[in-house]
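Inspection log for the structure reproduced underneath, given as structure tokens.
The values are calculated or read from the model by the stated rules, or taken from the named source; none is laboratory data. Quantities reported herein were computed from a predicted structural model and do not represent experimental measurements. As a convention, Cβ positions derive from the backbone with ideal geometry for all residues, glycine included, and neighbour counts pool all protein chains shown. Note: areas computed on protein heavy atoms with side chains; ligands, DNA, RNA excluded. Shrake-Rupley method; radii C 1.70, N 1.55, O 1.52, S 1.80 Å.
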Amino acid sequence: MIFGAFAIFFTGYPHVWSIYQPYVMEQAGWSQGQASMCFYLALSTFVFGNIVGGRMQNRFKEKTIVWIGGGIFAAGILASAFLIVPTPLPMYLSYGVMQGFGQGMIYTVILATVQRWFPDRTGFASGVVVTANGLCGFFLAPLSRKLLEAEKTFLIIGAAIAVSWILCGIFFQAPDKSLVNAGGSAAKSGTSEMKQYTSGEMMRTRNFYLLLATMFFGLISYFMVSPVSQTYQIDLGIPSAVAVSAVMLGSIVNAGARLVLPTLADKVGRIVCIKGVLIVAVIAMGVLAVSRSLAVTVAVVLMYGCYGGIMGSFPSLTSSIFGMKHTGENYGFVMFGIVFATFGAPAISGLVSSKGYEMNVVFGIGAVFAVIALVCLTLLGRNLVKEHAEKSAGVKNDTAQVSKPQAE
């Protein structure tokens, strides 16, 4: 887990791109749209890397996938140091495609493997790893600002990524098969093993689309707030120091929520914990829509925490619904909710702004989206309870059929 988390730490690197963007635009002469595409490509290919890595996990050892994915990731960042040129295409390939795809391959394998090490505490296991991802921006953002002055940022951080990849490749390993059952999960329902869904089987269920919708509507609210969280506060007259501190505190709350919420969910239930997160998101977005005071700052910090809570809880929620055996690939498909939210948030914000409305209208729409996410999660919870009841009834009937002849 330690070396897996160390490698996962650097998968949060694309979220530091906003620091690099002005530098790259100045050095290479790119437009803002050309520079922003590096971030969007990294995020999009990350999801596809998850799917491919998860599918490879059914055929290859975890170490093999880590060596391949980590090598692609490290090579992409190291190559980026030499590709700040007038044409953005080489950087799109290195920083965008290679980084995102390589990250996705190791991300899904590490997440799935640590859950297998802790089959009774999958939320805790995935929470530790995802927390490492959330801490990346907090540590690498100030470091990147200093390194940019030396113009060797990609080389230095690329070398650190290579070290994490090598250490992970050497020390990271899957648990012995005796620790988990033949289906790849210790989770059982009644006396029968939990069904292990393939991705194709998963996508033919209603639960998958409710889970995808919950992630999409739950995250799009955060993506509406995050890009403007600092400037919006300053525009309202909130001191700049307070606005900056809110973003830094938000990063800490984000990372903390990624560990605390999934760990708590192991004891009280995942649906219950995520419902709590979405209720907080509804309230926070409502405050952003109507308030003009320091309550806005509190709401911004809470939205960072809601993002961390969702990102930390969904890996273990996915495996608890669809089984552990194919969880890497399955979660890759669920993560399309992140891609849709990432592209959907700026599109909606831009449309609202073009109509002459202010940001509080955007936040009001975000509150509605959070409510929709809460409804989708509630429906998902009811489906799961119903399915569990039906399965338990089936087990009792099977037991009765067996016991009756024996009694006779």
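Taken per residue, the accessible surface of the chain reaches 43 Å², heavy atoms only and a 1.4 Å probe. GNM on the chain, alpha-carbon springs under 10 angstrom: the most fluctuating residue among SER320, SER392, SER126 is SER392. Take every Cα pair under 8 Å whose residues are at least 6 apart in sequence, average their separation, divide by the length of the chain, and the relative contact order is 23 percent. For the pair VAL242 and ARG59 in one chain, pulling the backbone fully straight at 0.36 nm per residue adds 60.8 nm over the alpha carbon distance.
Largest first, how would GLU201, GLU387, GLU358 line up by accessible area (1.4 Å probe)?
Result, largest first: GLU358, GLU387, GLU201.
Shown for the range 191-285: the carbon plus sulfur share of the solvent-accessible area, taken with all protein chains present and a 1.4 angstrom probe, equals 69%. Computing Rg and the Kirkwood Rh from the Cα coordinates of the chain gives a ratio, Rg/Rh, of 1.00. Taking the accessible area of the range 1-149, probe 1.4 Å, and keeping the other protein chains in place, the carbon and sulfur fraction comes to 67%.
Summing charges over neighbours of SER126, with a neighbour being any other residue whose Cβ is under 12 Å away from its Cβ, gives +3 when K and R count +1 and D and E count -1.
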